[in-house]
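Read the structure below first, then the notes.
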Amino acid sequence: MAPPPDHRRPIKRAAISDQQRRREVALRLQADRRSDAQNRARQLASSVLSLGPEPATEPEVEPEQEMSEASGQLAGRSDLDPVRAARLRGPEVRKWFARQLLLPEWMVDVPPSLDRDWYVFPRPSGKRCFVVSSNGTTISRLRNGSILHRFPSNLPNGARTKDVSGPASSYSILDCIFHEPDETYYVIDMVCWRGYSLYDCTAEFRFFWLNSKLSETGASDPPSQYHRYRFNVVQIYECNLAGLQASYSGQVPYVKDGLLFFNKHAHYQAGNTPLALVWKDNVCSQYVLDTDSKGQIPSQQQVVLELQNDGNLTTSDDPPVALGSLSRDLIAQSGLRVGNLVRVAIKDERMRLVDGKLDLGELQLVGKTNHSRAFADTYSKVLFQHAARHAPLRIEDLVASIQSNSSMDNSQALDVEMEG
Amino acid sequence: MALEVTQILLNAQSIDAATRNHAEESLKQIQEQNLSAFLLSLSAELANNNKPIESRKLAGLILKNALDAKELHRKNDLAQRWLSLDLATKTQIKTSLLQTFSSPVSDARSTAAQVIAKVAGIELPHNQWPELIGSLLSNIHQVETHVKQATLETLGYVCEEVDPQVVDQEQVNRILTAVVQGMNATETSSDVRLAATRALYNALGFAQANFTNDMERDYIMRVVCEATQSSDVKIRQAAFECLVAISSTYYEKLAPYMQDIFNITSKAVREDEEPVALQAIEFWSSICDEEIDILDDYRSEYTGDSDVPCFYFIKQALPALVPMLLETLLKQEEDQDQDEGAWNIAMAGGTCLGLVARTVGDEIVPLVMPFIEENISKPDWRGREAATYAFGSILDGPSPGKLAPIVNVALNFMLAALSRDPNNHVKDTTAWTLGRIFEFLHGAAVETSVITQENCQQILTVLLQSMKDVPNVAEKACGALYFLAQGYEDEGSVSPLTPFFQDIFQMLLFVTHREDATESNLRTSAYEALNEVVRCSNDETAPIVMQLIPVIMLELHQTVEAQKLTSDERDKQNDLQGLLCGCLQVIIQKMGSIEGSKYAFMQYADQIMDLLLKVFASRNATVHEEAMLAIGALAYTAGPNFAKYMPQFYQYLEMGLQNFEEYQICAITVGVVGDLCRALEDKILPYCDGIMTQLLKNLSSNQLHRSVKPPIFSCFGDIALAIGENFEKYLVYAMPMLQSAAELSAHAVSQDDEMLEYTNQLRNGILEAYSGILQGFKSSPKTQALVPYAAHVLQFIDTMYGGREMDDAVMKSALGVLGDLADTLGSHVGPLISQSSSSKDLIEECMVYDDPLIRESAEWAKLAINRAVSG
């Protein structure tokens, strides 16, 4: 009997031997593991959340919640990823997350080249939060670190369904505002997507990425069993006259609370940044003036400041700005401790700039703030609130600034031509 | 200056070993002393009609071996050596060879023909010996038929040796004219006609242009078809071989001839002698191969088309083709199942039927069912076997929906036949058919499996019982169990096999110990089934698998201790060691992947390692490979703890890396270095000097099989990722190698698919090396050391991108490297990256790719680059 031709396998003979299969399996596993190792390496560094330098005087949180030293170090570590950070214990996890959000300053004067370098959009009214999806769940955390919702979503690895690509542990982080009336998360920024960090990317790129990636996931679909809340992107405009006009008076599906301005070239910077600004007036916001703890607008401007050990009251800026002080007697009398946030009223509203520094004059202690509050007011907020009561920055000022910019552009263009 | 070599050549074929060795030694000496004189003497010996045929033939054979070898590097060396001989010597040798054609001794002529082809294979691509083909063709008009026959034979061999591009079309035309004329029915010498037909087989690859010319193609096809009707069986066989070759080379030109070819082949299948009938069946199998490929291309997700359209020849021939093939199934030979290399009409017919089923799918079922129903219960075993064989053959192709109802009815019948049919052939084919049912109609991929919780137990009972049957039936039963288990691999904890694990292992171990386990590949089959059952174990059955470990270790221990074996016993022992190491590898992989069993398993690690180190004492290639794979699996499972075995294991690792001869072992060992890097991370550092030295040596060697080189580059990446900035000291050696390989592979022009695939593997290896090195250095203060290489890396990717021959894997790796460059070197390379064409266009292109992995890599690269450029 002649053997079969070389390339013809008799149908009764096995296609490949188990040995060949073992070899192939080993090769495949090696390739997979190499790719895993590479992905791990790629994500490790790119997920480092840049926190910037630690504040010189680390304010102690409630002293009765004394932390062990080891975990204290953990909470201060900047190379933690949000998944590992979420394993920290209660107050620490809050503290950690509280430091991750980009906090826009309040617009007290108009930045130059608003129309060239900035975006504008109407800010949805609601709870600012960080949404992290990973390992089959989605968790939203408020600015103070406490959990708002834990739910399944169509975000990558946001529900226990089979995802098309990527390891289940890779996480995505969105900066959102939860809008109660329609139970929708309005996404205002993208911080991390499928494990890849966008911290070091410009706003221009982040918004581009946000718009192209979010729609791929079905996160904007109406709620369903595996997608509890809808995620919507906010329409973002170039900050020219049309964009400003559309943001200011255009119809949006949510309740507006002022306008947000983002510098196109700025990275996502955790903490206060002058490269993102918030501005509001009575037309585009119901909450121009701050309310007190009872929800009333007080007759005198009130500010929340942090008590330092020298008795100074400081803002939450980095570095903190002292806006006044309390006497030792008063501190002792009212049972305040270092690090407490206190609400004070500005008795004499004639604010003065002394040596380039704001002086609030005499302060009247109103009381301690409630626990859920994590931060003192910022310097720019105090200024904006003050201006809002006395000499607000008006929409007309913004428009004028843009108009003067564009006429300046023309003259520059003319210069170039003449040189040529 | 010809030497007298006749006696030495005769002595070299003596039955007396001493005489033979002495003669071989003398030949070697002459060759070393004066190569030219040696080759001249050999060619003179071959040409000399006064010399005995034995010395002439050996002279020709030695001459041939002095021109060509299997291994590529040796082949190149020999070609170079021939080209560097002086012109006069070469001319005289060639003259002697051509003279040999006039010899009345056919063996001498035939040997000379082969040597001439080898010389042509070396010289024609260098534009030397341009007169060869002309002088051969001038022989064609010789009256002497034996010269004509030798000339045609030589033309055939030359076509086999030489690349078609080397011969210009005008010469091709003349060769084909001479060959086809020689095949013509008017040729009276059947020796000439046979030589011409065989020459055409080799010359078909040269006939691209001629096959596009209708008249020339018609003529060639007519002559080939006529030759299938020759009265000489050898000519008929050779002519059908030509038809088979035409079916794959010129599939798209066949339409006008298919009716005639069907008539010719079906007559041959039914009436002709076996070698001819087998080629006639092969024609249809070959058409199936073509159409399966084309239809696969049609279905493929990414391209959706094929260069060649499908003519649906099989579909059109179906109503006549299937009955013809079914008839062949009844022509079984007694005892064909005991002979592993057997090939006959029935086997070829069933194989072809299986290919037809894969080509046409559902349509074949109604054409085969009546045959099965008619024969399945025949008193003659041939009917029952043929019916079962037909059924088994068509299970791959038609939809499960079409087959499931039939299988549901047939299953009980099959189980009964396997238990009770009096004929071993029937049982053999029945067990094989059950295996096919499990392979194609059961498992996670099949919507409604024909196997249920209920019938599973009955099936297992019958299969395990059949493992006690004669070896060929038991072997098929093991194969069926393999596929039954495979269907449950992704099943989790609900596998219906769970209650039977103990019984299955017991029976399979019993089979491996059968006295006759070496017959019919039975022992191998039993271990393969065992491995597959281990692969589908889960949390619940892991403890039973764990009990298997000491049993397998004991067996391995016994083979390691066995001494004073005959060479036959040693072969068997090597086979067994290979199987046992393979089994351990599968167990290690599985137990390491089940979280709950990993810890318990690790208690055996010391003992397993100890045994595997002893196995390395064996010199057998297969065993080394299996032991190495087992060690790779163990390293991955043990993680950093594997470090304690390194001092002892390292010598074998080095040995494996040095094994150029058995390059498979070298390749596997390179892969294991990768496993070790991931397991040990920086603990591998003390061994890296040795490993890197060896890997660099391997890369510079032209003796190492080229397939090992891409994995070596990938391995650089593994090492760099594991030891980070400590890789710095190797940069000065590794980077130039990577650069020159990158240079070569970026500009490689791939003539064929195989070369293209290799080029892409090489590129992928290089890119993986770059990725590993870049990521390894990330956040290190030594990052600067990589900056000077960035431009070259980018250029490499740009060039590949410009060449447009990257496969998906290369594309993905290239995107990774772009991202890694940006990620690790940041603003140092920002401007460079912005200038590179691939960083922009390639990434944009890949962002909208279908493959999600490629899209994701593109996203990563874009992000990383954006950070580098903006930061």
* To do: Can you bin the stretch B:225-365 into rounded, prolate or oblate? Criterion: square roots of the alpha carbon gyration tensor eigenvalues sorted a ≥ b ≥ c, rounded for a/c under 1.5, prolate for a/b above b/c, oblate for the rest.
  => oblate
* Given the rule -39500 (n - 2.57) for each run of at least 4 DSSP H residues, summed and divided by the residues of the protein assembly as shown, what is its mean residue ellipticity at 222 nm, to the nearest 500 deg cm²/dmol? -> -19000 deg cm²/dmol
* Sort the following peptides by mean Cβ neighbour count (other Cβ atoms within 10 Å, averaged over residues), highest first: B:38-44, B:583-589. => B:583-589, B:38-44
* Using alpha-carbon positions, what is the distance between the centroids of the stretch B:701-732 and the stretch B:1-56, in Å? -> 48
* **Least to most buried among B:M628, B:M258 (fewest other Cβ within 10 Å first)** => B:M258, B:M628
* How many lysine pairs are close in the stretch B:752-867, with Cα atoms under 22 Å apart and the two 8 or more places apart or on different chains? -> 5
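Per-residue Cβ counts within 10 Å, from other chains only, averaged over A:192-202: what number is that? Working shown, then result.
Working: counts 1, 3, 4, 2, 10, 3, 3, 1, 8, 8, 5.
Taking the mean over all residues of the peptide, I get 4.
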* the stretch B:469-609 - convex hull of the alpha-carbon atoms, volume per residue in Å³ -> 96
* Asked: Which of B:A526, B:N423, B:V368 sits closest to the plus end of the dipole of the protein assembly as shown, meaning its Cα is farthest towards the positive end, when Lys and Arg get +1 and Asp and Glu get -1 on the C-beta?
  -> B:A526
* **the stretch B:567-661: relative contact order as a whole-number percent, Cα under 8 Å and 6+ apart** => 36
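Determine, for each peptide in B:423-435, B:173-185, B:705-717, A:275-287, the mean count of other beta carbons within 10 angstrom over its residues, then list the peptides with the highest first.
So the order, starting with the most tightly packed, is B:423-435, B:705-717, B:173-185, A:275-287.
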* Taking just the C-alpha trace of the stretch A:229-275, give me its Rg and Dmax in Å. => 12.6, 34
* **Whole-angstrom gap from the stretch B:470-499 to the stretch B:524-554, using each part's C-alpha centre** => 12
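Rank the residues B:W343, A:W118, B:W284 as a footprinting-exposure proxy: fewest other Cβ atoms within 10 Å of their Cβ go first.
Working: B:W343 19, A:W118 26, B:W284 29.
Listing B:W343, A:W118, B:W284 from fewest to most nearby Cβ atoms yields B:W343, A:W118, B:W284.
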* Once Lys and Arg get +1 and Asp and Glu get -1 on their Cβ, which of B:V356, A:H7, A:S249 lies farthest toward the positive end of the dipole of the protein assembly as shown? -> A:S249
* Provide Rg and Dmax in Å for chain B, with only Cα atoms included in the calculation. => 31.5, 87
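Take every Cα-Cα pair in the stretch B:327-415 and report what % of them are more than 15 Å apart.
59
Provide a whole-number value for the mean count of partner chain Cβ atoms within 10 Å of the Cβ atoms in peptide B:846-856.
Working: counts 0, 1, 0, 0, 0, 1, 4, 4, 1, 3, 8.
The shielding value for this peptide is 2.
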* Structure fact -> For B:K468, counting only lysines whose alpha-carbon sits under 18 Å away and dropping same-chain residues fewer than eight positions off, the answer is B:K427, B:K476
* **Relative contact order (%) - criterion: Cα under 8 Å, at least six apart; region: chain B** => 4
* What size of dipole, in debye to the nearest 20, comes out for the stretch B:86-245 about its Cα centre when the only charges are +1 on Lys and Arg C-beta atoms and -1 on Asp and Glu C-beta atoms? -> 280
* Over the C-alpha atoms of the stretch B:259-301, what are the Rg and the largest Cα-to-Cα span, Dmax, in Å? -> 13.5, 44
* **Relative exposure of B:M369, B:M692, judged by other C-beta atoms within 10 Å (fewest first)** => B:M369, B:M692
* Considering the dipole of the protein assembly as shown built from charges on the beta carbon (Lys and Arg +1, Asp and Glu -1) around the Cα centre, which of B:Q165, B:I235, B:Q703 is farthest to its positive end? -> B:Q703
* To do: Report the dimensions of the protein assembly as shown along its three principal axes from the alpha-carbon atoms, largest first, rounded to Å.
  => 130, 82, 63
* Of the cross-linked pairs B:K234/B:K378; B:K64/B:K267; A:K213/A:K256; B:K64/B:K331; B:K75/B:K234, which ones have a Cα-Cα span greater than 31 Å in the structure shown? -> B:K234/B:K378; B:K64/B:K267; B:K64/B:K331; B:K75/B:K234
* To do: Return the whole-Å distance between the Cα centroid of the stretch B:213-281 and the Cα centroid of the stretch B:59-122.
  => 33
* Whole-Hz couplings from phi, Karplus 6.51/-1.76/1.60, listed for the stretch B:466-480; x for Gly and Pro -> 5, 5, 8, 6, 4, x, 5, 6, 4, 4, 5, 5, 4, x, 5
* For the stretch B:398-403, Karplus couplings with θ = phi - 60° (6.51, -1.76, 1.60), whole Hz, Gly/Pro x -> x, 5, x, x, 6, 8
* To do: Let me know the shape class of the stretch B:606-744, please: from the alpha-carbon gyration tensor, a ≥ b ≥ c as square roots of the eigenvalues, rounded when a/c is under 1.5, otherwise prolate if a/b is greater than b/c, or oblate.
  => oblate
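Specify, per residue and in Å³, the volume enclosed by the convex hull of the alpha carbon atoms belonging to the stretch B:202-295.
Spread over its residues, the Cα hull of the stretch B:202-295 gives 93 Å³ apiece.
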* Peptide B:513-526, shielding by other chains (average Cβ, 10 Å cutoff) -> 1
* So, with +1 on the Cβ of K and R and -1 on the Cβ of D and E, and no other charges, what is the size of the charge dipole of chain B about its Cα centre, to the nearest 20 debye? -> 1580
* **Under 5 Å, built H, 5+ apart or other chain: amide partners of A:R128** => A:F178
* Using packing as a proxy for protection, rank B:554-567, A:378-391 so that the peptide with the highest average count of other Cβ atoms within 10 Å comes first. => A:378-391, B:554-567
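With a ≥ b ≥ c taken as the square roots of the eigenvalues of the C-alpha gyration tensor of the stretch B:726-861, please select rounded if a/c is under 1.5 and otherwise prolate if a/b is larger than b/c or oblate if it is not?
Oblate, because a/c is 1.5 or more while a/b does not exceed b/c.
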* **the stretch B:187-310, relative contact order [Cα under 8 Å, separation at least 6], %** => 21
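FYI, it's all coordinate maths here, none of it is from the lab. This structure is a prediction, so every number in the text was calculated from the model and none was measured. Positions of Cβ are backbone-derived with ideal geometry, glycine not excepted, and every protein chain shown enters the neighbour counts.
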